[in-house]
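K.L.:
Got a structure here, written out as structure tokens. Questions coming.
The values are calculated or read from the model by the stated rules, or taken from the named source; none is laboratory data. Quick caveat, the model's predicted, so the values are computed rather than measured. Every residue, glycine among them, receives a Cβ derived from its backbone with ideal geometry; neighbour counts consider all protein chains shown.
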Amino acid sequence: MKKIHLQFFVFLFALGTLTSAQTPQDSWNLLFGVSYPRLINHSYSYAGNANFGGFLGVERNFSEHVGLRMQVGFSSLEGKYGAPIISSRINSFSGNFDLLYFFVPCETVTPYLTFGIGPTFYLLDSNRPNKTLSSSYFTYQFNGGLGIDWRLDEDWKLRTELNYHTVADNKFDGVDGPSLGGLFGGPYKSYLTFDLGFNYYLDKGEPSKYCNLYSGISGEQKVSVDYDRIEEMIKRHIPKEVTKEVVVEKPVSASGEKWVLVGCNFGLNSAKLSGEAYPILYDAAKTLLRNPGMNVEIQGYTDNVGSKEYNKKLSQKRADAVKSYLVSKGVSAGRLTAVGMGEANPVADNKTADGRAMNRRIEFKVK
């Protein structure tokens, strides 16, 4: 059993690290899923295991860190007492208003705390220990819990949450009497719920500026780039013979020779070619067409801003974009291989803006 539990949590962790999606500043989210509830503080001989439940709600995130959740839930809990053993059941319907605080909202795995209050209506079955009690009651409950959001893609998250609920009366288990425990150590009856569900973005605000600064990844921004300055810097660092538009050692068929393009740039966090890149790639395509025996590996690079996993994926997309353009100009796809190198092999210091600009580049390796 322990091995199964370990495999399950390893699976959840792997699932949560599949993608690095953009985090919005604010959002509206739809929540839904299933629950496993269990009595904690009660007057039964022991809590039963035949429990089930579910939830549906809406969440308003006011910022990257703070949200308000409005959620309705159903919990069916079993308790056992007496000799011979009698099984009694409580069916609870709740409406909760919870505040949430997200610790690291920019990550693909985001832990959070939740605390709130809400009304609850519960039904006691005919096997309740105290038959003189009514079969239904309306009261309220306090909630406190810890959860984790596991980002799946741009719009979906997997949500896991453990919540502690304290009902504000002593009749919840069909016995009119205090039970030691409860939230804040009070005398009231309590139960736990483990929730497993999904969080879907209904509406998203602007991309988070906080997360852009945190991770180095942002939406499209207009950045002024001095390409002549970049070209001069690359000339100083790469001892190659150069031309005006393409920094290139004269293409030869020798395996392993490098062909470095200058000005083949992309928007920040984008694999879309900039306008300045097209004439450079057009010249590169003409060179390849004049040398039909030359096969090249298109290597995409990034600077070191952002996670290594994200940069690897981004560099692959950029290399693919260059390959697609060259194929559209008549270069055979069989002569081209696109490889994302991420932030590897920097040609300049990533601690400076100039160095990072140089490291965001495309190279051709003659094969």
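K.L.:
Going through 322, 327 one at a time, which residue ends up being in a helix (DSSP H, G or I), surrounded by 15 or more Cβ atoms within 10 Å (Cβ to Cβ), among the hydrophobic types (A, V, I, L, M, F, W, C) and in contact with a Cys (Cβ under 8 Å, 6 or more places away or on another chain)?
P.N.:
Sole residue among the options that is in a helix (DSSP H, G or I), surrounded by 15 or more Cβ atoms within 10 Å (Cβ to Cβ), among the hydrophobic types (A, V, I, L, M, F, W, C) and in contact with a Cys (Cβ under 8 Å, 6 or more places away or on another chain): 322.
K.L.:
So is residue 306 crowded, with 17+ Cβ neighbours inside 10 Å, outside any helix (DSSP H, G or I), out of contact with any strand residue (DSSP E or B) (no Cβ under 9 Å at 6 or more places or on another chain) and assigned by TED's automatic domain parsing to the domain that holds residue 329 or not?
P.N.:
yes
K.L.:
If you don't mind, another one. Can you tell me which residue within the range 246-266, out of those that are assigned to a loop (DSSP other than H, G, I, E, B) and at pLDDT 65 or above, is nearest to residue 329 (Cα to Cα)?
P.N.:
264
K.L.:
Exactly one of these conditions fails for residue 243: (1) surrounded by fewer than 19 Cβ atoms within 10 Å (Cβ to Cβ); (2) at pLDDT 75 or above; (3) among the β-branched types (Val, Ile, Thr). Give me its number.
P.N.:
All conditions are met except number (2).
K.L.:
Do we find that residue 71 is modelled with pLDDT under 95 and on the phi < 0 side of the Ramachandran plot in this structure?
P.N.:
When the stated conditions are applied, residue 71 does not pass them.
K.L.:
Looking at the range 131-166 only, could you name the residues that are touching a strand residue (DSSP E or B) at 6+ places or on another chain (Cβ under 9 Å) and in a loop (DSSP other than H, G, I, E, B)?
P.N.:
Within the range 131-166, 133, 134, 135, 152, 154, 155 qualify.
K.L.:
Which of the residues belonging to the range 318-359 are at pLDDT 90 or above and charged (D, E, K, R)?
P.N.:
320, 323, 335
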